[in-house]
Amino acid sequence: MHELGIVEHVIRTLHDVAEENNVRRIGSVTLEVGEVSGVVMDLLTDCWNWFREKDDLVKGAELLTETIEAVTVCTACDKTYRTVDHGKTCPHCGSKETYLLRGNEFSIKQIEAELFDDPEDGEPETE
Amino acid sequence: MKVIELRRTVTDSNDRDAEALRRELRSKGIFLINLMSAAGSGKTTLLSRTITDLTGKVDIGVMEADIASDVDAVRISGLGAQSIQMHTDGMCHVDAGMARAGIEAMEDLKADVVFLENVGNLICPAEFDTGAHRKVMILSVPEGDDKPLKYPLMFRESDALVITKTDALPYFDFDLDAAKRRALALNPDIRIFPVSAKTGEGMAEWEDWLLSELEAWKRDA
Ligand SMILES: Nc1nc2c(ncn2[C@@H]2O[C@H](COP(=O)(O)OP(=O)(O)OP(=O)(O)O)[C@@H](O)[C@H]2O)c(=O)[nH]1
Ligand SMILES: [Mg+2]
Ligand SMILES: [Zn+2]
């Protein structure tokens, strides 16, 4: 159960962020998830929906995700290609000596939050 | 509502806990090693043999992490080494909070070196810093020489790679040179030790490295 652990860590990180930014409540969390991060999004969402109800800071908060395309680079010919299309075999030269350049990331990109000293409590605000 | 940009990895809070634990262990003089591998690669067997071989030279303690069972801690305590079993309750890795709880639960800990036998899995343990001073991973011959290509992060993160079960090389299609080359391509600094915990072949090189890393760590204080 990788996903349960991830959600716990996300929520702990959000508590740190809330403290630093004077956040009262979080309305949404946007994650950046690489195509080959190995995280099962459905499971992650289920875990999130379960955990968020037990925590006042994130109660009812929506979980949004942005996908990052996975790219592999070939050490034999130095070209890159889409990992999900060709796996570990380079489509340019056939070499298997390849490694993932990006696509296994998993990070919290941004949150929408209500602050303690926000006069327009709950109103959308643009920067 | 206000949008706050974070760009934080989910492991940020764990990273801070890990750094704090690492410093505390330094002040206690405990050298912690995170031992990672797939399930059944030979972690407990390697540790058992290492403990036996180094008896009288260095005191080794072991924290066994397992999803639910106790068998590994029982094997280790049978050798006279201090050990503790941690249950991760279904979690696939050990994080810094769990490592701290394990250290605190080892009463009167006298070891110079403590191994944390992580949960058998090549993905998640690589992502979570446990507060260890060194990371060691195991790849066993039956698993195949293409593992570095499938699980690059663990190879990049580890200080040493122990290739175990080399006594099985004649029976498997495992190219030792290819495995080394692939690991070094991901991590040019990784130290590689082919060993058989069964015959003892290669154990001395691995144990020498361990002792020299311990000395280097003590000198860095
Ligand atoms: N032939 C051979 N077998 C080995 C060697 N090392 C371990 N084994 C066998 O591999 C199996 C698994 O070894 P363990 O040491 O229990 O592996 P582990 O990584 O601790 O396993 P988990 O804790 O369950 O993930 C056992 O049957 C061992 O006897 C070795 O060097 N050679
Ligand atoms: Mg074991
Ligand atoms: Zn190529």
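The values are calculated or read from the model by the stated rules, or taken from the named source; none is laboratory data. Remember, predicted model here, so these are calculated numbers, not experimental data. Backbone-built Cβ (ideal geometry, glycine too); neighbour counts: all protein chains shown.
In the range B:184-202, how many residues are free of Cβ contacts under 8 Å to residues at least 40 places away in the same chain and of a type in the set (Gly, Ala, Ser)?
Counting residues in the range B:184-202 that are free of Cβ contacts under 8 Å to residues at least 40 places away in the same chain and of a type in the set (Gly, Ala, Ser) gives 3.
What number of residues within the range A:1-27 are assigned to a strand (DSSP E or B) and either within 8 Å of another protein chain (Cβ to nearest Cβ) or β-branched (Val, Ile, Thr) (or both)?
Total meeting the criteria: 3.
Regarding the range A:101-112, can at least one residue be identified that is more than 16 Å from ligand 3 (Cβ to nearest atom), more than 8 Å from every other protein chain (Cβ to nearest Cβ), out of contact with any Gly (no Cβ under 6 Å at 6 or more places or on another chain) and among the aromatic types (Phe, Trp, Tyr)?
Looking through the range A:101-112, none of the residues is more than 16 Å from ligand 3 (Cβ to nearest atom), more than 8 Å from every other protein chain (Cβ to nearest Cβ), out of contact with any Gly (no Cβ under 6 Å at 6 or more places or on another chain) and among the aromatic types (Phe, Trp, Tyr).
Among the residues that make up the range B:81-89, is at least one of them charged (D, E, K, R) and within 14 Å of chain A (Cβ to nearest Cβ)?
Within the range B:81-89 (the criterion being charged (D, E, K, R) and within 14 Å of chain A (Cβ to nearest Cβ)), the answer is yes, since at least one residue qualifies.
Tell me which residues, restricted to the range A:42-78, are surrounded by 13 or more Cβ atoms within 10 Å (Cβ to Cβ) and under 21 Å from residue B:153 (Cα atoms).
Those that are surrounded by 13 or more Cβ atoms within 10 Å (Cβ to Cβ) and under 21 Å from residue B:153 (Cα atoms): A:67, A:68, A:70, A:71, A:72, A:73, A:74, A:75, A:76.
Condition first: within 15 Å of ligand 1 (Cβ to nearest atom) and farther than 22 Å from residue B:134 by Cα. Can you find one or more residues in the range B:176-193 that meet it?
yes
Quick grid of which residues meet (1) more than 16 Å from ligand 2 (Cβ to nearest atom); (2) farther than 24 Å from residue B:66 by Cβ; (3) free of Cβ contacts under 8 Å to residues at least 12 places away in the same chain; (4) of a type in the set (A, V, I, L, M):
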site	(1), (2), (3), (4)
B:121	no, no, no, no
B:126	yes, no, no, yes
B:132	yes, no, no, yes
B:174	yes, yes, no, no
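Being more than 8 Å from chain B (Cβ to nearest Cβ), within 24 Å of residue A:9 (Cα to Cα) and more than 23 Å from the chain's Cα centre (by Cα) narrows it down to one of A:51, A:116, so name that one.
Just a single option satisfies the conditions, and that option is A:116.
What number goes with the only condition from (1) more than 14 Å from chain A (Cβ to nearest Cβ); (2) among the hydrophobic types (A, V, I, L, M, F, W, C); (3) crowded, with 21+ Cβ neighbours inside 10 Å; (4) not in a loop (DSSP other than H, G, I, E, B) that residue B:154 does not pass?
Every listed condition holds for residue B:154 apart from (1).
Of all strands (runs of 3 or more DSSP E) completely enclosed by the range B:1-120, which ones contain at least 2 residues that are over 18 Å from residue B:213 (Cβ atoms) and of a type outside the set (D, E, K, R)?
On the way: elements: B:2-9, B:31-36, B:60-66, B:82-87, B:113-117.
Result: B:2-9, B:60-66, B:82-87.
With the checklist (1) touching a Ser or Thr at 6+ places or on another chain (Cβ under 7 Å); (2) assigned to a strand (DSSP E or B) in hand, flag the one item residue A:36 doesn't pass.
In the conditions (1) touching a Ser or Thr at 6+ places or on another chain (Cβ under 7 Å); (2) assigned to a strand (DSSP E or B), residue A:36 misses (2) alone.
Given the condition within 13 Å of ligand 2 (Cβ to nearest atom) and closer than 27 Å to residue A:4 by Cβ, answer yes or no: does some residue in the range B:104-116 qualify?
yes
Would you confirm whether or not the range B:120-131 contains a residue that is more than 11 Å from chain A (Cβ to nearest Cβ) and hydroxyl-bearing (Ser, Thr, Tyr)? Give the derivation first.
Initial filter on the range B:120-131 (more than 11 Å from chain A (Cβ to nearest Cβ)): B:120, B:129-131.
Now restrict to residues that are hydroxyl-bearing (Ser, Thr, Tyr): B:130.
Yes: the range B:120-131 contains one or more residues that are more than 11 Å from chain A (Cβ to nearest Cβ) and hydroxyl-bearing (Ser, Thr, Tyr).
Can you give me the number of residues within the range B:191-218 that are in a loop (DSSP other than H, G, I, E, B) and surrounded by fewer than 19 Cβ atoms within 10 Å (Cβ to Cβ)?
Residues in the range B:191-218 being in a loop (DSSP other than H, G, I, E, B) and surrounded by fewer than 19 Cβ atoms within 10 Å (Cβ to Cβ): 5 in total.
Which residues, counting only those in the range B:128-147, are assigned to a helix (DSSP H, G or I) and touching a strand residue (DSSP E or B) at 6+ places or on another chain (Cβ under 8 Å)?
B:141, B:147
Just one of (1) within 12 Å of ligand 3 (Cβ to nearest atom); (2) modelled with pLDDT of 90 or more trips up residue A:88, so point out which.
Tallying (1) within 12 Å of ligand 3 (Cβ to nearest atom); (2) modelled with pLDDT of 90 or more, residue A:88 fails exactly one: (2).
Only one of B:18, B:65 is under 17 Å from the mean Cα position of the chain (by Cα), away from ligand 2 (no atom under 16 Å from the Cβ), within 14 Å of chain A (Cβ to nearest Cβ) and within 21 Å of residue A:9 (Cα to Cα); which?
Working: B:65 fails: away from ligand 2 (no atom under 16 Å from the Cβ).
Every option except B:18 fails the conditions.
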